[in-house]
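The values are calculated or read from the model by the stated rules, or taken from the named source; none is laboratory data. These numbers were taken from a predicted model, which means no experiment stands behind them. Here the Cβ positions follow ideal geometry from the backbone for every residue, glycine too, while neighbour counts run over all protein chains shown. Ligands, DNA and RNA are excluded from the accessible area calculation, which covers all protein heavy atoms including side chains. Shrake-Rupley method; radii C 1.70, N 1.55, O 1.52, S 1.80 Å.
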Amino acid sequence: MRYFLFFISFFFGVSLLAQEGQRPPRKEKDSTQAENKGRPTPSGDKEKEEIEISIKDYKIISHSRDTTFLDTTLTIQKEYKYNYLRKDNFELMPFANIGQPYNKLGVDFERSNMFPKIGAKGKHYNYFETEDVDYYNVPTPVTDLFFKTTLEEGQLLDAMLTFNTSRRLNFSIAYKGFRSLGKYQYNQAKSGNFRTTANYETKNRRYNIRGHIVAQSIEGEENGGINSKEEQFESGNTEYSDRNRVDVLFADVTNKILGKRYFFDHQYKLLRKTKDSSRTEKTSLAIGHVFNYETRYYQFDDGAENEYYGSAFLDEISDRARLKTMNNEFNMKFSNAKLGILEGNLSLYNYNYYFNSRLITDNQIIENQLKGEEVILGAKYRNQIGGFKLNADVKYTLSGDLTDNIMKATAEYRLNENINLKATVHASARMPDFNFLLYQSEYANYNWQNPDVFENEKVNGVQFDLESKFWGNLSLNYSTIDNYSYFGVDQNEIEDDYEQSAIKPFQESGVINHTKLKYNKEFRLGGFALNNTVMYQNVSQANQVLNLPQVVTRNTLYFSSDVFKKAMYIQTGITLKYFTAYNMDAYNAVLGEFYIQNNEELGGFPMLDFFINARVQQTRIYLKAEHFNSSFGKTNNFYAAPNYPYRDFVIRFGLVWNFFS
């Protein structure tokens, strides 16, 4: 209640300040005048003293060099992305506490990276990969401040500052800090993500470089879920409305991911021809180099041996897996205004995945290291011919044991300003993550080595996209997966009826066929709008190893309007999210992974959220009552995974604030 009163006071105060009106456009000296400062000006020339700066001058450049600009508008898409991940989590099911793992409601088998990772995928949702880091080009310093309340003690804050020392040299520094105690016992989650970037281009535009440094820590307590779910949760007994009174399985268990990465990408143009009286390049030939060095560390700690995970070698459990990778890519790029952009590249990838020592038991010897080098040849092509956009990227492994190939080709055509069509073909073959191939633990049954047993996972897929302002957005994806790798229960090794004492990696010998149809359309009438997203999935498989809901839907009815003489813009409404019941994957804290289970169907419950959002100048303010229907029924059946309930009704608020200097 105190959060709600604070929010209303803050909301009203900001609205009064906003009535002073919008800030006038900023101005700065023209670049031509700045570069010629101190030089005589030719007679007859008129110097431009100032130029206006618009919001579109604040550019955000992605890893793939796609450019967008800073967006301070308030839309329903911003509401969907206002969460811990700062991404639309339509295909994810969060746990009770913020910062915990997400169960999957949908899958996308297309790979952007052909190299296996350390594993522990349940801990990686908030991990910034190389492709997640953005670069900036701004005329003046900008701060992006994201704040949101969490559950009980702690807050979520993501702050970013970007600035330049000249038009050609830009920097950014950011930190995302988070802590949430949670409503249940021993459920605390916390994380820290530090990022800093720089990008530079010489005056003659022949040489450019960009790079980033990232340091991350994602940690959480693992309580194993609730112990007596029928009595203390599903029954709706008011004695346990305070979730801190609910009994949980574990009291002294934690796991975490640590990561550091150093990345830079630079190129030099050997040949550069521009069009007359224009800076637009007609033809260029460039050589480049991409360097990426990263260390990742996964740790699981259990204060005492727990029979839930089976017998152990030591009373106190402390498992550590480490992965060090270094990738050097050398490339040559030819660009022509008519012929497009053609690139050839050669990559040298070194990896070292290891544990402290070899494990020797009566039955087996588990090695402590997988180490090697991959040599990969690749090519890229990009061109636009009239309304057609063509993109192709292919990589093939010349030597190495982890990877084989990856290919993606996209053809895009804009029929008119209202309709855009796109077709994508994807194929890849590589080994599964390292924790499938080799793992060591103090728990006896969590030790295996499969580098010579497991085969490359082969994925082939095709996708068609239709984007229409009138008909909506439709996406159809069809994928086949051969040698699908997953974690499951080895029925022959279960100890004392605890299935998590026998979690093992498996590989499906048959082919899995996955179809996903996703549709989004918004209907408007005056200030009211109904935004709908519906996803249908079908899985064809010989054995039930890939479990997904057949239907997932999200529907938002909301109202938008200017208020206070257009000093504030508000959006308020209700969002319904629902997915059909299915055998939800179970979560295993030792590995930080989900594993399949076919004993219990969960889902089939609605989740209703009420929100009031507002925009005042460059500030977006958010207030949400999450899952306000959690107490409507006499019993509780809302789970995120077996033994892990979804969160109860909670009110949260926050803001996103952009400061321009």
Expected output for segment 413-430 (first residue under 19 Å from residue 462 (Cα atoms) and β-branched (Val, Ile, Thr), partner at pLDDT below 95 and surrounded by 15 or more Cβ atoms within 10 Å (Cβ to Cβ), Cβ below 9 Å, 6+ apart or cross-chain) is 424/110
Exactly one of 404, 465 is acidic (Asp, Glu), over 30 Å from residue 385 (Cβ atoms) and out of contact with any His (no Cβ under 8 Å at 6 or more places or on another chain), and that residue is 404
Considering residues that are open to solvent by 20 Å² or more (accessible area, probe 1.4 Å), hydroxyl-bearing (Ser, Thr, Tyr) and more than 30 Å from residue 250 (Cα to Cα), the number found within segment 620-661 is 1
Scanning segment 268-295 residue by residue, those open to solvent by less than 20 Å² (accessible area, probe 1.4 Å) and at pLDDT 95 or above turn out to be 286, 288, 294
Within segment 580-603, restricting to residues that are open to solvent by 10 Å² or more (accessible area, probe 1.4 Å) and polar (S, T, N, Q), the one that is nearest to residue 553 (Cα to Cα) is 580
Of the conditions (1) within 20 Å of residue 566 (Cα to Cα); (2) open to solvent by 20 Å² or more (accessible area, probe 1.4 Å); (3) touching a Leu at 6+ places or on another chain (Cβ under 7 Å), the single one that residue 617 does not satisfy is (3)
Exactly one of 502, 529 is touching a Leu at 6+ places or on another chain (Cβ under 9 Å), open to solvent by less than 20 Å² (accessible area, probe 1.4 Å) and either farther than 30 Å from residue 311 by Cα or among the aliphatic types (A, V, I, L, M) (or both), and that one is 529
By residue number, the members of segment 326-355 that are outside any strand (DSSP E or B) and either open to solvent by less than 30 Å² (accessible area, probe 1.4 Å) or among the hydrophobic types (A, V, I, L, M, F, W, C) (or both) are 337, 339, 355
Of the residues in segment 413-439, those that are in a strand (DSSP E or B), surrounded by 20 or more Cβ atoms within 10 Å (Cβ to Cβ) and polar (S, T, N, Q) come to 428
- Message: Taking the criterion of being open to solvent by 20 Å² or more (accessible area, probe 1.4 Å) and under 26 Å from the mean Cα position of the chain (by Cα), would at least one residue in segment 306-316 satisfy it?
- Response: no
Exactly one of 453, 511 is touching a helix residue (DSSP H, G or I) at 6+ places or on another chain (Cβ under 9 Å), aliphatic (A, V, I, L, M) and open to solvent by 20 Å² or more (accessible area, probe 1.4 Å), and that one is 453
Expected output for segment 619-635 (first residue of a type in the set (Val, Ile, Thr), partner surrounded by fewer than 19 Cβ atoms within 10 Å (Cβ to Cβ) and part of a loop (DSSP other than H, G, I, E, B), Cβ below 7 Å, 6+ apart or cross-chain) is 635/235; 635/236
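For (1) more than 23 Å from residue 339 (Cβ to Cβ); (2) in contact with a helix residue (DSSP H, G or I) (Cβ under 7 Å, 6 or more places away or on another chain); (3) open to solvent by 50 Å² or more (accessible area, probe 1.4 Å), each residue gets a yes or a no:
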| site | (1), (2), (3) |
| --- | --- |
| 235 | yes, no, yes |
| 247 | yes, yes, yes |
| 252 | yes, no, yes |
| 266 | yes, no, no |
Taking segment 634-654 and keeping residues over 19 Å from residue 575 (Cβ atoms) and not charged (D, E, K, R) leaves 635, 636, 637, 639, 641, 642, 643, 644, 645
Residue hits (segment 356-403; touching a Lys or Arg at 6+ places or on another chain (Cβ under 6 Å) and outside any loop (DSSP other than H, G, I, E, B)) are 376, 378, 391, 393, 403
Note: among 222, 230, just one is acidic (Asp, Glu) and either at pLDDT below 95 or under 27 Å from residue 159 (Cβ atoms) (or both), namely 230
> Out of curiosity, is residue 550 under 22 Å from residue 455 (Cα atoms) and surrounded by fewer than 19 Cβ atoms within 10 Å (Cβ to Cβ)?
Replying inline: no
Practice item. Answer with yes or no whether residue 495 is of a type in the set (D, E, K, R), farther than 23 Å from residue 434 by Cβ and surrounded by 15 or more Cβ atoms within 10 Å (Cβ to Cβ). Key: yes
* Kindly indicate whether any position in segment 251-272 is over 31 Å from the mean Cα position of the chain (by Cα) and in a loop (DSSP other than H, G, I, E, B). => no
